[in-house]
Amino acid sequence: MGSYLGSDFGGPARRTAVTTDQLVHTLLGGLAIGCIYSLIALGISMIIRATEILHFAQGEIMMIGAMAGITAFWLAAMPFVLVLLFGILGGGIASVLVELMIYRPLGRRRVPLLNIIIATLGVSIVLQNVARLVWGSEPLRYPTLFASKGLVLAGFVVSPQLVWIVILGVAIMGALMAFFHFTRLGIAMQAAAQDADAARMMGISVERATTLTFAVAGMMAGAAGVLLGSLFFASFNMGFTTGIKAFVAATLGGLGSVPGAMVGGLLFGLIETFSGALISTSYKDAVGMIVLILILLLAPMGLFTRPGRQV
Amino acid sequence: MTLSVMTAGVTTVWIPRLVVLAAIAAVPLVEHNSYWLHVFSLALIGAVLAMGLQLLVGMAGVLSLGQGAFYGIGAYTAASLAIAWQAPFILTILCGGVTAAIASLLLIPIVRLKGSSLAVATLGFGIIVHLVMLNEDWLTGGSIGMMDIPLPTLFGANVGGEAALYYVCLVVAAVVFLALDRIAHSRFGRALVAISQDEEAARASGIAVNVCKSKCFIVAAFTAGVAGGLYAYHSRYLNPNDFTFLKSIDILIMVVIGGLVSLPGAALGALIVVLAPEVLRSSGELRLILFGALVIVLMGTGNRGLAGLIIDLAASARTAWQRRASAKTEAKA
């Protein structure tokens, strides 16, 4: 905030003059990071809706996705879409393994929900440190997968990478919505999440639906991992902070609501990027949290309330 | 209730407590290594933190992910007072608690949120407080932190040695235990338990739910602030990164490992969370993996945690012993 004094010498106040070009770039950056948050938040929301578990390891599943993608690329140079596919696969497998090996046995022992939530924190610690053993503690540079030349879109020069992230993110979310609305499996998952007993009576295996929920949630997170990795780096600790932010995004939209997670993620990405550009880089995370608390005060269940059971 | 029953209740409660207290007090007599005393003091500070959170999570059933923030506020307050005015440490530690309690008033509006939303809101609060500690150089020294915190003195005598500080932490932990134990058995404590079991039923029974929850947040924050004050003298160097979201998680893990029902359980959990990384240090890179795995495995012990497990084991050992004893007498007969 101290730069107001100096701006007298530089002609018109520099801080206030945000060019349209900058605005478009910030908007695109916000949307891109927002898509990544949305993908992770979707998984968090799906898991909460199906099992009531606050899944704190979702960020680490995303990190495993990023690592799976970069490892596949090291083994054989391949186009970005294939790297993304490997990331999706890696995230999905990691998520299912964690569910089958840890949450399900804990659930069978009928431990309280809070214990399972803390166990997800344990999973997060284990995954981070296993990743550190396997992939080392240095950040890994993702290969340049896009043309680095600026892309001209409607008269503005924009980074093609950001555009691709937004396009791929939206495409994946669209595919998820289609899966939920048009396939038997997707509808069965929704049913099991809304009312487990009724679903059971309709012949749906709730246990299988839960595993499937973790699989889809992990795949979303894996995709987010590759997208985020391509934007910055891949590293063993990339997941935790991002996962927490995705949590906030999911809460913003309304925990357990699928459209809420999408909107919440985009909103949080935009808030973060714009407050970083306009207010202060050191407090950009705080702005997001203040918005979260204000929205929760006005609408305690978040922007989108979910039908069915109450949290 | 007859007098004999009451005295029996008092002895069964107080004799084990005094035995444990004596055992903890004897530690510096046996262990002279100052490094380990330092770690044990930290475990006692952890116990204070965990007991404070136990009130929120274990009794009122409110999941708070921001306890680390109050710990930090207490630590920075105590350190600033000690550095600026050489204030006596009992005063600075109390001020740490009071400041944390005042800061917790900010949380009162969000108390009416439910379950997961409340948890995420406290998480957001913790992140905001951490960013303030990190960025407000004039207040906290920013990312460099706060150095040269003076040694604590009590009535002119220096209590900065490892053993002396250990006893200071022990006294504070014991006082906090007694105070929280009183609260747990008061009308207020019973109201909290009622809220955790069924909020609507509690409200219908005339309990002011939001007022009780707010009070609970304030007491927990005060306790965390006191622990923070102790930590300032214990570490003598404060860094914002000591008070991140991860610290809040650490405190929560302590409470849950120990079991969500009892104060001694919370203290036991603190001992494990502080000591486990030290004990596992020899396993090098595997240390944190083992710690995470330990957390997962301990979560399988149910809501009574390790404390419950120990009580169960003791009970089954006692019945086995009695059975053997009665079998012997029968054999003799």
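FYI, it's all coordinate maths here, none of it is from the lab. As the structure is a computational prediction, the values presented were derived from the model and not from experiment. Positions of Cβ are generated from backbone atoms using ideal geometry, with glycine treated the same way; all protein chains shown enter the neighbour counts.
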- prompt: In terms of the Cα gyration tensor, with a ≥ b ≥ c the square roots of its eigenvalues, is the stretch A:70-218 rounded because a/c is under 1.5, prolate because a/b exceeds b/c, or oblate?
  reply: oblate
- request: Taking chain B as the reference, fit the longest principal axis to its C-alpha atoms, fit the long axis of helix B:89-104 to the helix C-alpha atoms, and give the angle between the two in degrees, 0 to 90, nearest 10.
  value: 90
- prompt: Gap in Å between the Cα centre of the stretch B:207-246 and the Cα centre of the stretch B:60-131?
  reply: 5
- request: Report the calculated FRET efficiency for B:Thr319 and A:Leu297 (r = Cβ-Cβ distance, R0 = 60 Å), to the nearest 0.05.
  value: 0.70
Positive minus negative residues near B:Thr77 (Lys, Arg vs Asp, Glu; Cβ under 15 Å): -2
query: Which shape class, rounded, prolate or oblate, goes with the stretch B:252-333 when its Cα gyration tensor gives a ≥ b ≥ c as root eigenvalues, a/c under 1.5 marks rounded, and past that a/b bigger than b/c marks prolate?
result: prolate
task: Could you calculate the FRET efficiency of B:Glu200 with B:Val98 from 1/(1 + (r/R0)^6), where r is the beta carbon distance between them and R0 is 41 Å, rounded to 0.05?
output: 0.75
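Given only helices, namely DSSP H runs of n ≥ 4 each adding -39500 (n - 2.57), what is the per-residue ellipticity at 222 nm of chain B, to the nearest 500 deg cm²/dmol?
-24500 deg cm²/dmol
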- prompt: For the residue pair A:Val24 and A:Leu231, what label-to-label distance in nm results when each label sits 7 Å from Cα along the Cα-to-beta-carbon direction?
  reply: 2.0
query: Among the chymotrypsin sites (Phe, Trp or Tyr not before Pro) within the stretch A:225-311, which fall in a DSSP loop and have no more than 16 other Cβ atoms within 10 Å of their own Cβ?
result: A:Phe232
statement: The helix B:162-184 Cα axis meets the longest alpha-carbon principal axis of chain B at an angle in degrees, between 0 and 90 and rounded to 10, of 70
- request: Answer with one residue from A:Ile244, A:Met46, A:Met201: the one whose Cα lies farthest towards the positive end of the charge dipole of the stretch A:19-298, charges on Cβ with Lys, Arg +1 and Asp, Glu -1.
  value: A:Met201
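Please report the relative contact order for the stretch A:19-298, taking Cα pairs under 8 Å with a sequence separation of at least 6, and give it as a percent rounded to a whole number.
41
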- request: Could you name the aspartates and glutamates whose alpha carbon sits less than 14 Å from that of A:Lys284, not counting residues in the same chain fewer than 8 places away?
  value: A:Glu272
- prompt: Roughly how many nanometres apart are two label points built 7 Å out from the Cα toward the Cβ at A:Ile279 and B:Val39?
  reply: 4.3
- request: Excluding A:Cys35 itself, calculate the net charge of residues whose Cβ lies under 15 Å from the Cβ of A:Cys35, where each Lys or Arg counts +1 and each Asp or Glu counts -1.
  value: 0
field: For the stretch B:14-244: rounded, prolate or oblate by the Cα gyration tensor [a/c cutoff 1.5]
entry: oblate
- prompt: Once you list every other residue whose beta carbon is under 15 Å from the beta carbon of B:Arg236, what net charge do they have if Lys and Arg are +1 and Asp and Glu are -1?
  reply: -3
task: Mind checking which lysines have their Cα closer than 25 Å to the Cα of B:Lys215? Skip sequence neighbours fewer than 8 apart in that chain.
output: B:Lys114, B:Lys247
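Please give the FRET efficiency for B:Leu139 paired with B:Val175, using the beta carbon to beta carbon distance and R0 = 41 Å, rounded to the nearest 0.05.
0.90
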message: Within the stretch A:79-120, name every residue whose backbone N is under 20 Å away from a label modeled 7 Å from Cα of A:Ile167 along the Cβ vector.
response: A:79-88
- request: Run the quick spin-label model on A:Asp197 and B:Ala293: label points 7 Å from Cα toward the beta carbon, then report their separation in nm to one decimal.
  value: 4.0
